[in-house]
1. Taking strands (runs of 3 or more DSSP E) that do not extend beyond the stretch 1-66, which have at least 3 residues that are more than 33 Å from the chain's Cα centre (by Cα) and more than 19 Å from residue 89 (Cβ to Cβ)?
2. Within the stretch 155-165, is there a residue that is small (Gly, Ala, Ser), more than 22 Å from residue 298 (Cβ to Cβ) and touching a strand residue (DSSP E or B) at 6+ places or on another chain (Cβ under 7 Å)?
3. Return only the number of the condition from (1) at pLDDT below 90; (2) under 25 Å from residue 113 (Cβ atoms); (3) aromatic (Phe, Trp, Tyr) that residue 387 does not satisfy.
4. Report every pair of residues separated by at least 6 positions or lying on different chains whose Cβ atoms are under 7 Å apart, first residue within the stretch 213-237 and more than 15 Å from residue 251 (Cα to Cα) and open to solvent by less than 20 Å² (accessible area, probe 1.4 Å), second in a loop (DSSP other than H, G, I, E, B) and of a type in the set (Val, Ile, Thr).
5. How many residues does the stretch 111-128 hold that are within 17 Å of residue 184 (Cα to Cα) and either open to solvent by 20 Å² or more (accessible area, probe 1.4 Å) or small (Gly, Ala, Ser) (or both)?
6. Give the residues of the stretch 188-203 that are surrounded by fewer than 20 Cβ atoms within 10 Å (Cβ to Cβ) and at pLDDT 90 or above, sorted by residue number.
7. Cβ-Cβ below 7 Å, separation at least six or inter-chain, first residue in the stretch 383-395 and more than 15 Å from residue 99 (Cβ to Cβ), second not in a loop (DSSP other than H, G, I, E, B): which pairs?
8. Could you check how many residues of the stretch 28-44 are within 18 Å of residue 101 (Cβ to Cβ), open to solvent by 30 Å² or more (accessible area, probe 1.4 Å) and of a type outside the set (A, V, I, L, M, F, W, C)?
Amino acid sequence: MLSLTILVLIHELGHFSFSRLFKVRVDKFYIFFNPWFSLFKYKSKKSGTEYGIGWLPFGGYTKIAGMIDESMDTEQMAQPEQPWEFRSKPAGQRLLIMIAGVINNFILALIIYAMIAFVWGDTILPIKNIGDGFVYGEIAQSAGFQNGDIPLSADGKALYNFSGETIRALAEAHEVEVLRDNEVVKLTLPDNLMLQLLGKNQRFIGYRIPVVVQETISGYGAVTAGLQKGDSIVAVNGVATPDYTDFTAAIGAYKGSSVDIAFVRNTEEMTLPVEVNAEGQIGIMLVPSSTFYPTETIYYGFFESIPKGIKKGFSTLVGYVSDLKYIFTKEGANNLGGFGTIGSIFPSTWNWQAFWEMTAFLSIILAFMNILPIPALDGGHVLFLLYEVITRRKPNEKFLEYAQVTGMVLLFALLIYANLNDVIRFFF
């Protein structure tokens, strides 16, 4: 809610400030929508603007006099044109008023990314540090990857650190090079690998997490058997478990029974019988993966952080735009999410760095989505303004009204569909 409030406020301030700059009257300035009632409102006697907070957190709005918007105030539009109205201003000024919110959101993202670089630096996990290799989902393995493969390049471009951009590059590549058993192997991937992953909602790649005991939990089989802190589990009933997923799958097959667990303690390999409970657990906590795979942090001075933030903002925008093509596929549409999905990408415990990273990312999404040429969005108004500039005539006001209604219906339909996906995923 805090992130959304910041984003809406900054976006609407763009429309508001440019309207005031060009002496256009602003009737209302609201964070969130307020059908039927407002949580808070105040009307300025000087400007006549009503400031408020709505109760429906689907966005916000700036009601600009003399403009067909989501308020659908056709009564005002039927009156004679006034010099302080939006419709009376030159097309260039109206264009700036409409794109100001998008510009504000994008600039906000660049500033946040720059400040993240300045305060926390840039922490990366170099692929070369992941010596135990990676694990791959079923679809990735069917495409030719094998557990333990270390990706080296995608379509000829060397891969340095493990990140979301790296995963996207691998999933969309035609040819990938991996290090397998100390040999470089070339893989030719299917063109629809990303669509397959989206269709099955399956993990593509992750680094191996060795099963090393950090702590044993009282009342479980690990304590009774005598497992200790530092023990490195390597096999269950003779089946190798180089990764935590291998380990959980192995003991999960023996719920409510005993298994022979092989582990290494102080360079000596040992085996102990361990009881597995009905939930498939033996009661251990693992040593964090950062212990095995050291990260690298690059720190930036204040002025160095600015170009870093700009670069991060533009690369995030390019990546997001690239991913949008999947929305128009069946697999991509099924993965659309609403407010539940947005909430789930924030960490469950408060973390300022994660909060600002997600706020910057959502700010870029908000900027791009709003500039799409869809009626009811800023981009729809921009499209009609460009038509006016090119043809030197304004679109018919009735046409603009119908376009606004159509756009609002489409947007609400999309909103309902995305949030319905969340509900289905939660319950089913």
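The values are calculated or read from the model by the stated rules, or taken from the named source; none is laboratory data. Everything numeric here is computed off the predicted structure, so don't read it as measured data. Here Cβ is always computed from backbone atoms with ideal geometry, including for glycine, and neighbour counts include all displayed protein chains. For accessibility, only protein heavy atoms count, side chains too; no ligands or nucleic acids. Shrake-Rupley method; radii C 1.70, N 1.55, O 1.52, S 1.80 Å.
1. On the way: elements: 26-33, 40-43, 50-53, 56-64.
By residue number, no strands (runs of 3 or more DSSP E) qualify.
2. Of all residues in the stretch 155-165, those small (Gly, Ala, Ser) come to 156, 158, 163-164.
Filter once more, keeping what is more than 22 Å from residue 298 (Cβ to Cβ): 156.
Of the ones still in play, those that are also touching a strand residue (DSSP E or B) at 6+ places or on another chain (Cβ under 7 Å) are none.
The answer is no, given that none of the residues of the stretch 155-165 is small (Gly, Ala, Ser), more than 22 Å from residue 298 (Cβ to Cβ) and touching a strand residue (DSSP E or B) at 6+ places or on another chain (Cβ under 7 Å).
3. (2)
4. Matching pairs, first to second residue: none at all.
5. Of the residues in the stretch 111-128, the ones within 17 Å of residue 184 (Cα to Cα) are 127-128.
Still in the running and either open to solvent by 20 Å² or more (accessible area, probe 1.4 Å) or small (Gly, Ala, Ser) (or both): 128.
Residues that pass the stated criteria total 1.
6. Of everything in the stretch 188-203, those that are surrounded by fewer than 20 Cβ atoms within 10 Å (Cβ to Cβ) and at pLDDT 90 or above turn out to be 188, 190.
7. 394/388; 395/384; 395/387; 395/388
8. To start, the set of residues in the stretch 28-44 that are within 18 Å of residue 101 (Cβ to Cβ) comprises 28-33.
Next, from what is left, pick out any that are open to solvent by 30 Å² or more (accessible area, probe 1.4 Å): 28, 33.
Next cut, of a type outside the set (A, V, I, L, M, F, W, C) only: 28.
Number satisfying all stated conditions: 1.
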